[in-house]
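For reference, the structure is listed below as structure tokens.
Read the figures in this text as sums done on the coordinates, not as results from a lab. Nothing here was measured: the structure is a model prediction, and the numbers come from that model. Positions of Cβ are backbone-derived with ideal geometry, glycine not excepted, and every protein chain shown enters the neighbour counts.
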Amino acid sequence: RILSEDGNLCVVPNGHLARISITNVTAHERTGVTFLMRINGDATPQEVTRCMESLKARAASDPAATQRPPHVRLLGFETGAIEIEVGVELATSKLHEIEDIKNRLIIAFVAALQDAGVTPTLVRAAK
């Protein structure tokens, strides 16, 4: 018998088990998530710097974030938009918890961008 993480019990006959290869997929205690953001392309360098600092602080202060500092990267500029990436390591690998954390962080990131004086045009989880 094999018990999955979500509580499902799978029964595999011994004869079948003896003939197949088994791969152990161990759940990790942590997982990384990445977010992509776009802000108005007319933001000043000072506003972009404030955005990046604010995003990093919001990500680090989330209760699910590990002690590892989040990364904030300026990905580039395109017509009318500036792209920023935020990566956060979470102290869980449970999918149902990760989805709730992503939702919470997206809301926090929108607020951080607005507090920094810019208009977010896109905020989404990348993976």
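For the chain, a Gaussian network of Cα nodes joined below 10 Å ranks Ser61, Ser21, Ser93 by mean-square fluctuation, and the top entry is Ser21.
Helical content alone sets the calculated 222 nm signal of the chain at -11500 deg cm²/dmol, taking -39,500 (n - 2.57) per DSSP H segment of four or more residues and averaging over every residue.
Maximal additional length on extending the Ala57-Ile98 stretch stands at 12.8 nm, based on 0.36 nm per residue less the C-alpha distance.
Of the listed values (1) 10, 33, 33, 20, 3; (2) 12, 35, 26, 17, 8, 2; (3) 12, 36, 22, 13, 10, 6, 1, identify the label whose number matches P(r) over Cα pairs in 10 Å bins from 0, in percent calculated from this model. Looking at P(r) over Cα pairs in 10 Å bins from 0, in percent for this model, the match is (3). Computed about its Cα centre, the charge dipole of the stretch 1-117 is approximately 420 debye, with only Lys, Arg, Asp and Glu carrying charge at their Cβ.
Ordering of 108-117, 66-75 by packing is 108-117, 66-75, highest average first (other Cβ atoms within 10 Å, averaged per residue).
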